[in-house]
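Engineer: Below you'll find the structure I mean.
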Amino acid sequence: MTASATKPVERQLPTDEARELLALTRDLADNELRPQASEEEAAAEFPREAFRTLGRSGLLGLPYDEQYGGGAQPYEVYLQVIEELAAARLTVGLGLSVHTLSCHALATFGSEAQREKWLPDMIGGEQLGAYCLSEPQSGSDAAALKTRAVRTESGGEYVVNGTKAWITHGGVADFYSTMVRTSDDGPRGISVLLVPADTPGVSGAAPERKMGMKGSPTAQVLFDDARVPAERLIGQEGQGFGIAMAALDSGRLGIAACAMGVAQAALDYAVGYAKEREQFGRAIADFQGLSFLLADMATAVEAGRALYLAAARRRDAGLSFSKEAAMAKLFCTDAAMRVTTDAVQVLGGYGYTQDHPVERYMREAKVLQIVEGTNQIQRLVIGRTLTR
Ligand SMILES: Cc1cc2nc3c(=O)[nH]c(=O)nc-3n(C[C@H](O)[C@H](O)[C@H](O)COP(=O)(O)OP(=O)(O)OC[C@H]3O[C@@H](n4cnc5c(N)ncnc54)[C@H](O)[C@@H]3O)c2cc1C
């Protein structure tokens, strides 16, 4: 068995263009991501070039307007592209999702002039983004953030001081979509600044030493008297928390799609192994006890995919989708944790070694239950919409 032995998922796609995009993605995943994923992850190598390739292939701005160089694709297509990439290498699938998240504020709440000026470079492939909300003392309670932006007397700049924590692409991104405090008025005192990474006073700390997804740098981003032009304020002062939460509604769908990619990869590997491995004189797949495990794994993957696609189609239709996105993130990431753990079980002792990718999938699935709002926070979001 090798990590490349996966069979394509037969997808329901709305257009021929979408089918071509998925075929292109699959090709890229098979040839440029999957073969070196295990080695590069073990060595914590960030695949920067892969993101340039995504940009050149038109895959880095799929949900955004063609006017700015985007692909104008519905979310149901964009998310399935993420799923395929995540199945090959989570660092890239999740990286694309985070990059899209970091463009969301400008694309959705920026002025026309701001979009024309910055968006084409951000989604064109040369630039990579990061989304800076969390801080060392404020994770789930994101509105308690302290990074402070003070407008200069002339009004032309903000002076930013503070520390952002856990930032995906921290230290390697080209721009930081940064939530800052512009007044002490709780969530209403938060604003968004689009900060170029080469701004003097902005720096990335050493990457965290993580359990998995080691190829994706996660680091603190430090702001030390960083002067950011006031024209880089997105939306109005005080609108930042709403802008950040709106981005997360969409971002959570990306995490759900990543989860199903990792789960599908684990399922495919487990099925292939079970057909080859023999015990008691027959393939272990022939034992009902084991095939029931595989059946439950496959059912979880199908159910998760259907749930995130249903939420995406609501978004594409212009309906509310916040609750559904939280449900998809919760269900898909919990399902991925279960499926990847069961994949290790299917391989027995071999599953517990680094000779097979399933232990990596299990470590990768874990982080998806934590990022972009832990699954406890998703339950809070869902519960509130039920009882409000
Ligand atoms: C690999 C990685 C990448 C990340 N990337 C980014 C990024 O790009 N940008 C960014 O801004 N952040 C990022 N994060 C941060 C992530 O969003 C936070 O870790 C997450 O929101 C949880 O915050 P915390 O770690 O401070 O945990 P805490 O908020 O301290 O939570 C600790 C525990 O308490 C639980 N808890 C907290 N409040 C409640 C409550 N009200 N009810 C029930 N349970 C509760 C949580 O569910 C959790 O189990 C990343 C994190 C990781 C690990």
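Engineer: Six or more apart or on different chains, Cβ under 7 Å: which pairs go from a residue in the stretch 367-378 that's closer than 11 Å to Ala326 by Cβ to one that's within 6 Å of the ligand (Cβ to nearest atom)? Could you list them?
Structural biologist: Ile377/Ser140
A quick yes/no check of all residues on (1) buried (at least 24 other Cβ atoms within 10 Å of the Cβ); (2) over 18 Å from Asp316 (Cα atoms); (3) in the same structural domain as Leu62 (by TED's automatic domain parsing); (4) more than 18 Å from the chain's Cα centre (by Cα):
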position: Leu79; (1), (2), (3), (4): yes, no, yes, no
position: Glu83; (1), (2), (3), (4): yes, no, yes, no
position: Ala86; (1), (2), (3), (4): yes, yes, yes, no
position: Arg89; (1), (2), (3), (4): yes, yes, yes, no
position: Gly93; (1), (2), (3), (4): yes, yes, yes, no
position: Ser97; (1), (2), (3), (4): yes, no, yes, no
position: Thr100; (1), (2), (3), (4): yes, no, yes, no
position: Ala113; (1), (2), (3), (4): no, yes, yes, yes
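Engineer: Looking only at the stretch 144-158, which residues are more than 12 Å from the ligand (Cβ to nearest atom) and not in a strand (DSSP E or B)?
Structural biologist: So the first thing to find is which residues in the stretch 144-158 are more than 12 Å from the ligand (Cβ to nearest atom), and the list is 146, 148-158.
Within the stretch 144-158, Lys146, Thr152, Glu153, Ser154, Gly155, Gly156 qualify.
Engineer: Kindly establish whether Ala300 is surrounded by 18 or more Cβ atoms within 10 Å (Cβ to Cβ), farther than 16 Å from Val358 by Cα and without any contact (Cβ under 8 Å) to a residue 40 or more places away in the chain. Explain how you work it out, then say what you get.
Structural biologist: Numbers: surrounded by 18 or more Cβ atoms within 10 Å (Cβ to Cβ): yes; farther than 16 Å from Val358 by Cα: yes; without any contact (Cβ under 8 Å) to a residue 40 or more places away in the chain: yes.
Here the answer is yes, as Ala300 does meet what is asked.
Engineer: Quick one: count up the residues across the stretch 290-337 that are outside any helix (DSSP H, G or I) and closer than 20 Å to Gln73 by Cβ.
Structural biologist: Our first condition is that a residue be outside any helix (DSSP H, G or I); within the stretch 290-337, this holds for 317-321.
So of that shortlist, the ones also closer than 20 Å to Gln73 by Cβ come out as 317-319, 321.
Of the residues in the stretch 290-337, 4 are outside any helix (DSSP H, G or I) and closer than 20 Å to Gln73 by Cβ.
Engineer: Let me ask another. Just give me the residues in the stretch 338-358 being crowded, with 21+ Cβ neighbours inside 10 Å and part of a helix (DSSP H, G or I), in sequence order. Before you say what the answer is, go through the steps one by one.
Structural biologist: Looking only at the stretch 338-358, we keep the residues that are crowded, with 21+ Cβ neighbours inside 10 Å, and these are 339-340, 342-343, 346-347, 351, 356-358.
Val339, Thr340, Asp342, Ala343, Val346, Gly351, Val358, listed by residue number.
Engineer: Oh, and also: Considering only the stretch 213-232, state which residues are among the hydrophobic types (A, V, I, L, M, F, W, C), more than 14 Å from Arg148 (Cβ to Cβ) and surrounded by 23 or more Cβ atoms within 10 Å (Cβ to Cβ). Reasoning before the result, please.
Structural biologist: Of the residues in the stretch 213-232, the ones among the hydrophobic types (A, V, I, L, M, F, W, C) are 213, 219, 221-223, 226, 228, 230.
Checking the rest, the ones that are also more than 14 Å from Arg148 (Cβ to Cβ) come to 213, 219, 221, 230.
Within the stretch 213-232, Met213, Val221 meet the criteria.
Residues checked against (1) small (Gly, Ala, Ser); (2) under 17 Å from Met297 (Cβ atoms); (3) away from the ligand (no atom under 16 Å from the Cβ):
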| site | (1), (2), (3) |
| --- | --- |
| Gln345 | no, yes, yes |
| Met362 | no, yes, no |
| Asn375 | no, no, no |
| Gly383 | yes, no, no |
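Engineer: Hand me the list of helices (runs of 4 or more DSSP H) wholly inside the stretch 56-129 holding 2 or more residues that are more than 24 Å from Asp16 (Cα to Cα) and not hydroxyl-bearing (Ser, Thr, Tyr).
Structural biologist: Per the criteria, 90-109, 112-124.
Engineer: Follow-up question, since we're still on this one. Taking the criterion of being out of contact with any helix residue (DSSP H, G or I) (no Cβ under 7 Å at 6 or more places or on another chain), in the same structural domain as Gly304 (by TED's automatic domain parsing) and either more than 11 Å from Ala263 (Cβ to Cβ) or not charged (D, E, K, R) (or both), would at least one residue in the stretch 331-341 satisfy it? If you could, list the steps in order and put the result at the bottom.
Structural biologist: Pass one, the stretch 331-341, residues out of contact with any helix residue (DSSP H, G or I) (no Cβ under 7 Å at 6 or more places or on another chain): none.
Among the residues of the stretch 331-341, not one is out of contact with any helix residue (DSSP H, G or I) (no Cβ under 7 Å at 6 or more places or on another chain), in the same structural domain as Gly304 (by TED's automatic domain parsing) and either more than 11 Å from Ala263 (Cβ to Cβ) or not charged (D, E, K, R) (or both), which makes the answer no.
Engineer: Mind counting the residues in the stretch 18-64 that are touching a residue at least 24 places away in the same chain (Cβ under 8 Å), of a type in the set (Asp, Glu) and surrounded by fewer than 19 Cβ atoms within 10 Å (Cβ to Cβ)?
Structural biologist: The qualifying residues number 3.
Engineer: Could you identify the single residue in Arg277, Arg315 that is buried (at least 20 other Cβ atoms within 10 Å of the Cβ), on the phi < 0 side of the Ramachandran plot and not hydroxyl-bearing (Ser, Thr, Tyr)?
Structural biologist: Working: Arg277 fails: buried (at least 20 other Cβ atoms within 10 Å of the Cβ).
Answer to the check: Arg315.
The values are calculated or read from the model by the stated rules, or taken from the named source; none is laboratory data. Bear in mind the structure is a predicted one, so any value in this text is a computation, not a measurement. Methodologically, a virtual Cβ is constructed for each residue, glycine included, from the backbone with ideal geometry; neighbour enumeration extends over all protein chains shown.
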